1. Kindly work out what percent of the DSSP beta bridges joining two residues of the range 211-336 are antiparallel, to the nearest 5.
2. What value, in deg cm²/dmol to 500, does the helix sum -39500 (n - 2.57) over DSSP H runs of n ≥ 4 give at 222 nm once divided by the residues of the chain?
3. Return a whole-number percent for the relative contact order of the range 211-336, with Cα pairs under 8 Å and 6 or more residues apart as the contact set.
4. Quick one: compute the contact order of the range 32-184, relative version, from alpha carbon pairs under 8 angstrom and 6+ residues apart, as a percent.
5. May I have the pair-distance distribution P(r) for the chain, computed from all Cα-Cα distances with 20 Å bins from 0 and rounded to whole percent?
6. If you average 1/r over every pair of different alpha-carbon atoms in the range 46-157 and take one over that average, what Kirkwood value in Å do you get?
7. Rounded to the nearest 0.05, what FRET efficiency do Glu67 and Glu133 have when you use their Cβ-Cβ distance and R0 = 35 Å?
8. Assign unit charges at the C-beta atoms only (+1 for Lys and Arg, -1 for Asp and Glu), then state the dipole size of the chain relative to its Cα centre in Debye, rounded to the nearest 20.
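Readers should treat all values here as calculations from the given coordinates under stated rules, not as data from a laboratory. Quantities reported herein were computed from a predicted structural model and do not represent experimental measurements. Quick reminder, even Gly has a Cβ in these numbers, built from the backbone with ideal geometry, and neighbours come from all protein chains shown.
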Amino acid sequence: MLKKRFYKLIILFISAALSFGVFFTGFQMPVLAASGEETAEEEIDSKHLQFVGRLYAVVTRQMHADEEEKLKLAKSLDDGISAAYTVLFHFYFSDEYRALDTSDEQFVEDLYAGARGRYADEGGKYYYVSLLESGYSRYLVFRECLSSNDFVRLCYEYNISVEQDLLGDPEDHDYGMTCIGEDYYDLDEDGDLDWCYPGAAKHVRCINEEFYNSATEYYIIADIDNCYIMIFKGGVYQWSLYKIYPMSCGKVGSATPRGEYEVTGKLPFFYSHGSLCYYATQWNGPYYFHSVTYNYNGTIQNPTLGAHVSAGCIRLHIDVAEWIYDNIPEGTGVITV
């Protein structure tokens, strides 16, 4: 009898131990999972989570966000304003937003709310709705709407970095640069958008997608339509953007030629049509990179940059023209597009 009771006690003890083990394991797992989630969220800026969270409500009208997607999108914002642009694109062109079947007017109001952080003013709403009614795609309106100081200030508000490392040599850009979509911008002393270089990101991609070759370690792209020059450094398939500057080029009737050329000679200065031009670097017969025009007495005649005002040459700030004159060797590839 005692023996049976002893065995019973042993069995009960083992059963209790096993039950306790199961309970203990089951109890511990949720604690570990919760701890892991807290750790994951601690690594994400709370402001970034707020930025993404508001887009679910404001753009796609979702009251309950997909937590895994929300964390992933918020974490991506560590990469700055370009990532914010991508996150906004994710919402405005998602299946969830398309399913809302919004009118053009509502789409513009939603753009202002999500991407600019404010209500649309009447003038702005009329402008963008008119573009859509004239045939502009929603994507083009999206791009243009985000190219604004409202979007930049929204990024600052949510701890999303605006300034980006875009150049190998950024010293001529006092307050830094940023990229929104395809466009590069100088920043001013207040951190707002300043000079725009439309489509610069596309040129950076294309130079390494195409067989852009040069006999030297430099390559120059001059964007005639948008009036800026890009100086790359490296070699075939390994070009990186080194410098970028505004320029002026040929006016109507004296268009700057487009094509592939190379640097062939240099002049410290020359006179032309009543103007004095400094630091001239030849890239196609009578066409040069040179300073803006000066009077014969050395005073500035026409300082205009970012416009089509020349007889076909490419005009630059005198410091830029001098740098090219001093540093870009003959044989350097040039393409004007």
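1. 75 percent
2. Calculated at 222 nm, the ellipticity per residue is -13000 deg cm²/dmol.
3. Across the range 211-336, relative contact order equals 32 percent.
4. Relative contact order here is 26 percent.
5. Per 20 Å bin, starting at 0, the Cα pair percentages come out as 24, 40, 22, 7, 4, 1, 0.
6. 14.2 Å
7. That pair, Glu67 with Glu133, gives E of 0.35.
8. 1380 debye
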